[in-house]
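Peer 1: Let me give you the structure first, and then I'll get to my questions.
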Amino acid sequence: MRFLSNRNVIFSLAMLTGLAFPQLAPWTEPLTLPVLALVMTLATMNIPDDFFTSFRSLLIPSIAGILMNYLILGGATLAMSALIIHQEDIWIGFVLVAAVPPAVAVIPFTNILEGNLTYTLAGTAAAYLAALIIMPLMFLFFLGMSFTAPQKLIMIMILLITFPVVASRIIIRSGIHNRVAPYQGLLTNWGFFIVLYTLVGLNQETIFRKPLMLIPVATVIFVSTFLLGFLIELIGRFFKIHQKNLISLVLLGTMKNQGIAGGLALSLFTREAALPASVSSVFLILFFMWLDMKRHWKSGL
């Protein structure tokens, strides 16, 4: 049971299962958005009711979260994809990745890497609120007529952002969270299993039959994770940013919510448009593992 509740095992199993047995992916595709709504509800349960009462202490991390997620990471993703990507569906996929807020995983990842959890919470919450404005603007500016269902986007945003926040408040105030809390990690990890399996499974044919298509996609994502993370850490150390805050900045500046990007791609566009989200999911896991290994090396464990 401990093995099957291990996050890295679950993520790896999702990717391997999607590559080896993709037949069920069309059946799990309709489940991606409801599962993401559940995962987001579980994640926002970690935000206390009085979280926004201390405005001054949350202002800087909130601004930092928006800047790191959209200006730094989103800007790097769009710049690199504009230079390298020439296929329209793949370009749309990268616009979706750039437009979504941070990965839900940045919150538990911050805790594991011993970063500033409050800093990450504020930055993530602010980025999700900003997404209500930034996402439609990016769709309009970058996709133009390619985006033909704005009402569907609004419904998805309500399902994945507004609804989880409201639902989490209801769960907390009703006292149900005490019974849900012991299973929160397990439900989150296996929820991501369904999403990752679906994204990889639906793109299995592309991954095996069009491997050359993966090279430019992987290049863009490598630059926007490993290389960008290295630069953020280097600049942060130069300006002597506190290590805990720097960990939060690195995560907020390298990890997008590929689940939402993939869900949007599958709901609004083509399966190929979900390829950047699928590959980004793999790199997210690899990058986190790399950060975790670095932490152990530095601590001498």
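The values are calculated or read from the model by the stated rules, or taken from the named source; none is laboratory data. Values in this document were obtained by computation on a predicted structure and should not be read as measured data. Neighbour counts are summed over all protein chains in view; Cβ atoms, including those assigned to glycine, are modelled from backbone coordinates with ideal geometry.
Here is a yes/no grid of residues against (1) in contact with an Asp or Glu (Cβ under 7 Å, 6 or more places away or on another chain); (2) closer than 19 Å to L231 by Cβ; (3) in contact (Cβ under 8 Å) with a residue 24 or more places away in the chain; (4) in a loop (DSSP other than H, G, I, E, B):
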| position | (1), (2), (3), (4) |
| --- | --- |
| I60 | no, no, no, no |
| L67 | no, yes, no, no |
| L83 | no, yes, no, no |
| F94 | no, no, yes, no |
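Peer 1: I've got another one for you. Quick check on my filter: what residues within the stretch 256-276 are outside any helix (DSSP H, G or I) and either over 14 Å from the mean Cα position of the chain (by Cα) or surrounded by fewer than 24 Cβ atoms within 10 Å (Cβ to Cβ) (or both)?
Peer 2: Within the stretch 256-276, the first condition is being outside any helix (DSSP H, G or I), and the residues that meet it are 256-257, 269-271.
Within the stretch 256-276, F269, T270, R271 meet the criteria.
Peer 1: Test L58 against the stated conditions and say whether it is modelled with pLDDT under 85, under 23 Å from I134 (Cβ atoms) and among the aliphatic types (A, V, I, L, M).
Peer 2: Values: modelled with pLDDT under 85: yes; under 23 Å from I134 (Cβ atoms): yes; among the aliphatic types (A, V, I, L, M): yes.
Yes.
Peer 1: When residues of the stretch 133-161 are filtered for being loosely packed, with under 15 Cβ neighbours inside 10 Å and at pLDDT 75 or above, how many remain? Quick ask: steps written out before the conclusion?
Peer 2: Let us first name the residues in the stretch 133-161 that are loosely packed, with under 15 Cβ neighbours inside 10 Å, namely 133, 137, 140-141, 144-145, 148-152, 154-155, 158.
Restricting the remaining residues to those that are at pLDDT 75 or above gives 133, 137, 140-141, 158.
Going through the stretch 133-161 one residue at a time, the tally reaches 5.
Peer 1: Test L73 against the criterion of being surrounded by 23 or more Cβ atoms within 10 Å (Cβ to Cβ), in contact with a strand residue (DSSP E or B) (Cβ under 7 Å, 6 or more places away or on another chain), under 20 Å from G259 (Cβ atoms) and modelled with pLDDT of 90 or more, and give yes or no.
Peer 2: Numbers: surrounded by 23 or more Cβ atoms within 10 Å (Cβ to Cβ): yes; in contact with a strand residue (DSSP E or B) (Cβ under 7 Å, 6 or more places away or on another chain): yes; under 20 Å from G259 (Cβ atoms): yes; modelled with pLDDT of 90 or more: yes.
In short, yes.
Peer 1: If you go through the stretch 186-202 one residue at a time, do you hit one that is over 14 Å from V100 (Cα atoms), touching a helix residue (DSSP H, G or I) at 6+ places or on another chain (Cβ under 6 Å) and at pLDDT below 75?
Peer 2: No, because not a single residue in the stretch 186-202 is over 14 Å from V100 (Cα atoms), touching a helix residue (DSSP H, G or I) at 6+ places or on another chain (Cβ under 6 Å) and at pLDDT below 75.
Peer 1: Follow-up. Pairs only if they're at least six apart or on different chains, beta carbon under 8 angstrom, first in the stretch 97-117 and acidic (D, E) and surrounded by fewer than 24 Cβ atoms within 10 Å (Cβ to Cβ), second in a helix (DSSP H, G or I) and modelled with pLDDT under 80; list them, first residue then second.
Peer 2: Hits for this filter: E114/R295.
Peer 1: Moving on. Among the residues of the stretch 204-243, how many are under 30 Å from F21 (Cβ atoms) and either acidic (D, E) or loosely packed, with under 12 Cβ neighbours inside 10 Å (or both)? Break it down stepwise before answering.
Peer 2: Of the stretch 204-243, the ones under 30 Å from F21 (Cβ atoms) are 204-222, 224-226.
Next, only the ones that are either acidic (D, E) or loosely packed, with under 12 Cβ neighbours inside 10 Å (or both) stay: 205, 208-209, 211-212, 215.
Final tally of qualifying residues: 6.
Peer 1: So M45 fits all but one of (1) in contact with a His (Cβ under 6 Å, 6 or more places away or on another chain); (2) at pLDDT 85 or above; (3) not hydroxyl-bearing (S, T, Y); what number is the exception?
Peer 2: Every condition holds for M45 apart from (2).
Peer 1: Would it be correct to say that S248 is modelled with pLDDT of 90 or more, more than 24 Å from A20 (Cα to Cα), surrounded by 15 or more Cβ atoms within 10 Å (Cβ to Cβ) and of a type in the set (S, T, N, Q)? Give the steps one after another, and end with the answer.
Peer 2: Details: modelled with pLDDT of 90 or more: yes; more than 24 Å from A20 (Cα to Cα): yes; surrounded by 15 or more Cβ atoms within 10 Å (Cβ to Cβ): yes; of a type in the set (S, T, N, Q): yes.
The answer is yes for S248.
Peer 1: Show the residue pairs meeting these rules: Cβ distance below 6 Å; 6+ apart or different chains; first residue within the stretch 242-264 and within 14 Å of I221 (Cα to Cα); second residue surrounded by fewer than 24 Cβ atoms within 10 Å (Cβ to Cβ) and of a type in the set (V, I, T).
Peer 2: Going by the 6 Å Cβ cut-off, the qualifying pairs are G253/I72; G253/I232.
Peer 1: Another question about this same structure. Do you know which of the residues in the stretch 221-255 that are in a loop (DSSP other than H, G, I, E, B) and not aromatic (F, W, Y) is nearest to I72 (Cα to Cα)? Walk me through it before giving the result.
Peer 2: Initially, the stretch 221-255 is screened for residues in a loop (DSSP other than H, G, I, E, B), giving 239-242, 253-255.
Within this subset, residues satisfying the condition of being not aromatic (F, W, Y) are 240-242, 253-255.
On the way: K240: 19, I241: 17, H242: 19, G253: 6, T254: 9, M255: 11 Å.
Within the stretch 221-255, the match that is nearest to I72 (Cα to Cα) is G253.
Peer 1: Here is a follow-up. Would you say V217 is hydrophobic (A, V, I, L, M, F, W, C), touching a Pro at 6+ places or on another chain (Cβ under 7 Å) and at pLDDT 85 or above? Give the steps one after another, and end with the answer.
Peer 2: Numbers: hydrophobic (A, V, I, L, M, F, W, C): yes; touching a Pro at 6+ places or on another chain (Cβ under 7 Å): yes; at pLDDT 85 or above: yes.
Yes.
Peer 1: Of the conditions (1) closer than 23 Å to L19 by Cα; (2) at pLDDT below 90, K256 fails just one. Which one is it?
Peer 2: Every condition holds for K256 apart from (2).
Peer 1: Give all pairs with beta carbons closer than 9 Å in which a residue from the stretch 167-191 that is within 17 Å of P34 (Cβ to Cβ) meets a residue that is charged (D, E, K, R) and modelled with pLDDT under 80; count only pairs at least 6 apart in sequence or on separate chains.
Peer 2: T188/R7; N189/R7
Peer 1: Just one of the numbered conditions (1) closer than 30 Å to I92 by Cα; (2) assigned to a helix (DSSP H, G or I); (3) touching a residue at least 60 places away in the same chain (Cβ under 8 Å) is not true of L212; which one?
Peer 2: Evaluating L212 over (1) closer than 30 Å to I92 by Cα; (2) assigned to a helix (DSSP H, G or I); (3) touching a residue at least 60 places away in the same chain (Cβ under 8 Å) leaves (3) as the failure.
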